[in-house]
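Shown next, in C-alpha cells, is the structure this report addresses.
The values are calculated or read from the model by the stated rules, or taken from the named source; none is laboratory data. Note that this is a predicted model, so its numbers are computed, not measured. Cβ sites come from the backbone with ideal geometry, for glycine too, and all protein chains shown count toward neighbours. Remember, those area values only see protein heavy atoms, side chains included, never the ligands or the DNA or RNA. Shrake-Rupley method; radii C 1.70, N 1.55, O 1.52, S 1.80 Å.
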Amino acid sequence: MILIQLIKLIINNFFGINVKKYFLIILLFGCINITAQESTYFFDIGSGSSELFNFSKTLTGNDIYSAKNNYGWEKEYSSQFKRDILLSRSVRDELTYDGIADKEIKFKIDLPKGNYNLIYWMEVAIDKEGTSQFFVDGINKNIVQHKLKGDEEGGLRPVAQYCVINTHFSSTGKTNELDWIGGIDSVRLLGIAIFPKDLKERESSRPISPKIKLAGQFNSNLELNDLRLVLQNRLKFDKNDPYYLYWYIQVSLLSEAERFHSQQGWEWIKDLTGYSIFDRMHQVLFLADSQIENSASGDNLLRERALWLRGKTCYDLVLERGGDYQRQIGLRDISELLKSYPDDEKLRMLNGESIYSPSECSVYSKDTNIPKWAALQLEAICRVRDGAEWWITKKQAPNGEFGGKIDDDVELLREWSPLLFYGNKNVITGWTKLANAIWNSPGVYKGYSKNILDVEHSAEFIADSTPELIIIDTSNIYLQRLEYTAEHFKNLWSVKNKFNHRFFKSSWYSSTELDERPPRNRDVDYNARALKPLRFLAWATQDSKYISLLEEWSEAWLSASLKSDKGKPVGIIPPSVRYYDESINGDEPNWYKANMMWSYYDWSHSSGSKILDNLVFTYTLTKKDSLLLPLEYSLELIDKLLKKKVDLKAGKFLEGSEEWAAQNLMNEEGFWNSVQIWRLLKGNIKYDSIISKYASYYVRYLMTGEKKILENGLNELLNVLRYNTPLRTDMVMHTDRVRIPGTSELRAMISGDGSPEGGSPFYAASWKNTDNNLAIVLEKFDNDNLIITTYYAGDSDKEFIVRPWLLESGNYKVIIDQKEAGSIFITKRGEEIPLTIPAKKETVIKIIKD
C-alpha cells in the first residue's frame, strides 16, 4: 500500500497526470517494478533449439550475466549437449535431456535480500561417488549425493542417471554467485530453480497443501501423478504462483521416482528404454534423495513417502548385491519410519522381525492322526505351493516373465522344484511358460546370452529354466533345446590342449562368441553351470557322444586337481585353469585367488563344489573311480586334520594352507552335497562320523532310519515358510533373492535328490496326479529297488503315478504293506507306474526286481 501511494506521489508531482484517469499506467508501472524484484526462477538449461520444460525459462550457455538482465553465467559455456535418445526412450524429460558441461560452472543472479530454496539437476555420468562440489558466494554447501557401487569388471563407465539436489542459501540483496566444481568428472548441469524459502499457499476454496501433506505420508494411497496433474493445471492458469510451481517440481520428482520403481524388472521396459532394473533403481535413489538429503528438512511434506521408497529400494539392492553404504541408508530410513509406525508389519519385516503368516496349510500339523513327519511335509508342500501359485496366478505375465529381470526370474524355479517332481500342474504350467519366454527372449540365442557375458550370467538363462523339464516333456521340445549346449561346448567354448585335455577357452562367452582377453581366458568352477544342460542331456539319452564330452572335461579337471602348483593341496579343485598351458590361475601368484574381477571366481566362494558335482555325476555315467579322487582326497584331508585335533571350526589359518582349505570345505554346502551323493553311491562308511554332522537331514535319515531327523529338517523349513510371506511374494523386487532354505530337503524326500541347486540329475523318482495330500519319503533306491513310504491324507484310496528314474528294464513286483499288489515290466527309465495308495495310513511301497 505504501508502494502504491509512493507511485501516485511521483506521477502527480513529476508528470502531472491525473491518477484516477490513468490508473492503468500505475498498474503497469507497478508490474514492471515487481518484475525487477523477482525472486522465483526456473531455468531449463540447454540450447535455444531444445524442447522447453513446463513453466521454465530457457537458459543457454551463451546467456552471460549482466546488470541489465539480472542473471546469467560468469562466462560463455560452449560445451552444450542433448540426449535425444534418452528423451525418446522416456527416461529423461525436456528439462533433463539437455544441458551444459564444464569442469567448473559459475552462475550469477541478483536477488532481493532473504532466504531461498535452490533445486538443481545434474548428470551423474562417471561421478558415481559424488565428488563434485557446490558453493554459494564462496561457501561450500557440502552437498550429499547418493553413491553407486563401482563396476565389478572395472573401468569408468558413465551412467545415464541424473541427480537432483534440494538445498538453500541466503542472499544479502547483492549479486549471488553459484559455483559448481567437478571432481573426477566435469559438471553437467541440466536445470536450476530458485524459490523464496517460506512459501505459503494463497487462500483457495480448494486448497492443495493438505493433499500434498496427505500424499507424503507413509502408506498414502493418493497417486502422486494425479496430484502432479492438478498442480500442472493450476499453473496453466496462474503461471506466476511460486507455491504451485515449487510443489509441482517436488511432486513431479517423487512421482518420477515411483514410476521408475513400479517398472521393476519387466523386460518390455528394458526393451523400450534401454534401462536395466539397476539403472531404474539407481534413478529412484537419486530422485528420492532430493526429498531427504541436504536441505530437505524433517518437516518436508513428502519426506515419509520418500523415506519408504528409498529405504525399500536400498533394502532390495543390498539383498541383491550387498554393500554397507546402502545397507546403512536403508536401515536408517526404515528405523525412522518405525518410530512413527511401530505396528506396521512391512516395516517390522524389513527391520528383521519374523511375523507369522496365517495359512490354511497349518491344518495338517494340527491333525494328531497324521504321522508327524507327514503332517510337517504336507504343510511344507502346501505353503511352497501357495507361494508358487501367487507368482503364477497374480504376477506372471502373458509372455511368461515374473517382473524381476527375466534371467533372475529363473531362480524362482529352484524353490519350486519339489513341486515339479511332485507333479503340481500349476507349477508345471508356470515353469514351462517361463522357460519358453527365456528361449524366445531377444537377449538369448540357443539357450545362452546373445551377447558375451561372464559364465554366471550367460548360462543362467537355460541352466535354471530348462533341464528339469525333461521329466515332464512328452514331445522332446526341451530335450532338443539341451542339444545346443553340446554343440556350443564342443565346437566353440572348449578345445583340447597340447596335453590332450579339454578345457573351456574362456569364462566370458555367448552362444556365438568368446572373449579370450586375460584374465578371462581360463576355465572356472562356474563353467559347470554352463554344462548343466549337457549333464541332463547325457542322463536322459545315455548317448556316448554326450557322455564322452563330459568325461573329457572331467578328466581335465581331475588332472588339475592332482597338481600341487603354487602350494595347492593335492586333490583340491583350483578356482581357475588357463586352458593352453594349464597354469593354475594363470599368471596370478597363488592358487586360491583367481582375480577375475568377480569375487565368486575365487576358490573361497564355492571351493570347487560345482566341478566336484560334475565329477560325481560323470562317475555315475562312466563308473570311473578315478573321477572321485578329488572328493576322496578332500575328505581324507579333513579327516586327517580333525584327528590331529586341529580346530577347523574356529581356528584362524594362513590363506591357502591345508588347514584353511579344509576349513572352507567344511563350511561349503555344495561340497557336502557331493560327499553325501558319493556316500549313497559307494556305500562307503569310512567318514560317516564326519558326514553325519554335515549331510542334509534327508541323507542323515537314510543313514540312520530315524524319522525324528526328517522332522527336524521339515521344522527348519517351516520356520522359514510360516513367516514373512510378503517378503517372498508381493514385496519382492529381485526375483533371484526369493530364497527358501530347506526346499532341497523337500525335493530329496519326494525325488531322492536334494542338491541345493540341482546341478546334476541324481533323481530316483518323480510323480504325477498328486493332489497336495500325498506325503512321500523315498527310503531306498538303486537300479533294482525302489522303496517308498507314503501317507495319503485324502478321504479315500487314490491312484497316483510314480516314475522311477533309476530302475533298469525288467520284471518287478509291486508290494504294498507287505502284500503283493501285482507285477510290472519296465521298458525304460521314467516308466509310468500306477499305484493305488491307501488313505489315512502310513504305507510302505516296494518295487523290487523279480
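Between 0 and 90 degrees, the angle of helix 629-643 with respect to the longest Cα principal axis of the chain falls at about 90 degrees. For D324 and K496, the difference between the fully extended length at 0.36 nm per residue and the C-alpha to C-alpha distance is 57.5 nm. Here the calculated FRET efficiency for V844 and N221, from their Cβ-Cβ distance with R0 = 56 Å, stands at 0.50, rounded to the nearest 0.05.
Could you state the per residue volume, in Å³, of the convex hull enclosing the Cα atoms of the chain? Working shown, then result.
On the way: hull volume 166.3 nm³, N = 850.
Once divided by residue count, the hull of the chain is 196 Å³.
Evaluated at 37 °C with a viscosity of 0.692 mPa s, what Stokes-Einstein diffusion coefficient in µm²/s does region 741-840 have when Rh comes from the Kirkwood expression over alpha-carbon pairs?
Estimated via Stokes-Einstein, D reaches 232 µm²/s.
Would you work out if region 641-721 is rounded, prolate or oblate? Take a ≥ b ≥ c from the square roots of the eigenvalues of the alpha-carbon gyration tensor; rounded if a/c is under 1.5, else prolate when a/b is larger than b/c, oblate otherwise. Judged from the Cα gyration tensor, region 641-721 comes out prolate (a/c at least 1.5, a/b above b/c).
Using packing as a proxy for protection, rank 461-471, 802-812 so that the peptide with the highest average count of other Cβ atoms within 10 Å comes first.
On the way: 461-471: 25.2, 802-812: 18.9.
In descending order of packing, they fall as 461-471, 802-812.
With only the Cα atoms considered, region 80-183 has a convex hull volume of 116 Å³ per residue. Using a probe of 1.4 Å, the accessible surface attributed to K813 totals some 70 Å² when neighbouring protein chains are kept in position. Highest mean first, the peptides 257-263, 516-522, 640-646 sorted by other C-beta atoms within 10 Å per residue fall in the order 257-263, 516-522, 640-646.
Tell me, what is the percent relative contact order of the chain, built from C-alpha pairs under 8 Å that lie six or more residues apart?
Working: 1591 pairs, mean separation 71.0, N = 850.
After rounding, I find 8 percent.
Rounded to 0.05, the FRET efficiency of the S340 and N115 pair, given R0 = 41 Å and the Cβ-Cβ distance, is 0.90. Seen from a random direction on average, the alpha-carbon convex hull of region 580-726 projects onto 12.5 square nanometres.
Any chance you could run the full-extension gain for K82 through L654? It's 0.36 nm times the residue separation minus the Cα-Cα distance, nm to one decimal.
Contour length minus Cα-Cα distance gives 200.4 nm.
Each Lys or Arg adds one and each Asp or Glu takes one away; over the other residues whose Cβ falls under 12 Å from the Cβ of Y812, this sums to -2.
Averaging 1/r over every pair of different alpha carbons in region 406-453 and inverting the result gives a Kirkwood radius of 11.6 Å. Determine the share of region 207-309's accessible area contributed by carbon and sulfur atoms, expressed in whole percent, with a 1.4 angstrom probe. C and S atoms contribute 51 percent here.
Under the convention that each Lys and Arg Cβ holds +1 and each Asp and Glu Cβ holds -1, the size of the dipole of the chain around its Cα centre is about 1000 debye.
What share of Cα pairs, in percent, lie more than 14 angstrom apart in region 356-448?
Working: 2897 of 4278 pairs.
Value for region 356-448: 68 percent of Cα pairs lie more than 14 Å apart.
Between the listed residues W493, I438, L479, the Cα displaced farthest toward the positive end of the dipole of region 435-524, a dipole computed from Cβ unit charges relative to the Cα centre, is found at W493. For the pair region 379-438 and region 762-808, the centres of their Cα atoms are 22 angstrom apart. In this simple spin-label model, placing a label point 7 Å from the Cα along the Cα-to-Cβ direction at both S262 and Y633 gives a separation of 5.9 nm. Legend: Rg and Dmax of region 127-249, from Cα coordinates, 18.6, 58 Å. Ordering F536, T466, L420 by Cα displacement along the dipole of region 396-538 toward the positive end leaves F536 in first place; charges were set at the Cβ atoms of Lys, Arg (+1) and Asp, Glu (-1). Treat region 555-658 as a sphere of radius equal to its Kirkwood radius over Cα pairs and apply Stokes-Einstein at 4 °C in a medium of 1.567 mPa s; give the translational diffusion coefficient in µm²/s, rounded to a whole number. Estimated via Stokes-Einstein, D reaches 89 µm²/s.
With the convex hull drawn over the C-alpha atoms of region 256-325, the volume per residue is 89 Å³. The 3J(HN,Hα) values that the Karplus relation (6.51, -1.76, 1.60; θ = phi - 60°) gives for region 65-80 are, in residue order, 5, 8, 5, 6, 9, 6, 7, x, 6, 5, 8, 6, 10, 8, 7, 10 Hz. Gly and Pro appear as x. Consider a paramagnetic label point 7 Å from the Cα of R739 along Cα→Cβ; state which residues of region 337-357 have an amide N under 20 Å from it. Within reach of a label on R739, which here means backbone N under 20 Å from a point 7 Å along Cα→Cβ, region 337-357 contributes 349-355. Listed by chain and number, the lysines whose C-alpha is less than 22 Å from the C-alpha of K819, apart from same-chain residues fewer than 8 away, are K780, K798, K840, K841, K846, K849. Remark: the K372-S204 segment gains 53.7 nm on full extension, using 0.36 nm per residue and subtracting the alpha carbon distance.
Placing unit charges on each Cβ (+1 for Lys and Arg, -1 for Asp and Glu) gives region 189-336 a dipole about its Cα centre, and among G311, S252, L199 the Cα reaching farthest toward its positive end belongs to L199. Shown for region 559-662: the carbon plus sulfur share of the solvent-accessible area, taken with all protein chains present and a 1.4 angstrom probe, equals 49%.
Take the solvent-accessible surface of the protein heavy atoms, probe 1.4 Å, and return the percent of it on region 428-539 that carbon and sulfur atoms account for.
Details: 1710 of 3760 Å².
Solvent-exposed carbon and sulfur of region 428-539 make up 46 percent of the total.
What FRET efficiency comes out for S359 versus A397 if R0 is 30 angstrom and r is the Cβ-Cβ distance? Round to the nearest 0.05.
0.70
Expressed in units of 2.2 N^0.38 Å, where N is the residue count, the Cα radius of gyration of region 474-593 is 1.10. Could you please state, rounded to a whole Å, how far the C-alpha centre of region 582-602 is from the C-alpha centre of region 687-743? So the two Cα centres are separated by 33 Å. Dividing the summed helix terms, -39500 (n - 2.57) for each DSSP H run of n ≥ 4, by the number of residues in the chain produces a 222 nm estimate of -12000 deg cm²/dmol to the nearest 500.
Ranking request for peptides 446-452, 655-661: highest mean number of other beta-carbon atoms within 10 Å first, then the rest in descending order. Walk me through the intermediate numbers first.
Numbers: 446-452: 19.6, 655-661: 17.9.
Taking the mean over residues of other Cβ atoms within 10 Å, the ranking is 446-452, 655-661.
Counting only Cβ charges, +1 for Lys and Arg and -1 for Asp and Glu, the dipole size of region 131-211 around its Cα centre is about 400 debye.
Computed from Cα atoms alone, the Kirkwood hydrodynamic radius reported for region 413-545 is 15.4 Å.
Could you do me a favour and compute the accessible area per residue for the chain, 1.4 Å probe, result in Å²? Could the numbers behind the result be given before it?
Values: 35870 Å² over 850 residues.
Value returned for the chain: 42 Å² of accessible area per residue.
With both labels modelled 7 Å from their Cα along Cα-to-Cβ, the F237 to D271 distance reads 4.3 nm. Rg over Rh for region 703-747 works out to 1.11, both radii taken from alpha-carbon positions and Rh defined as the Kirkwood radius.
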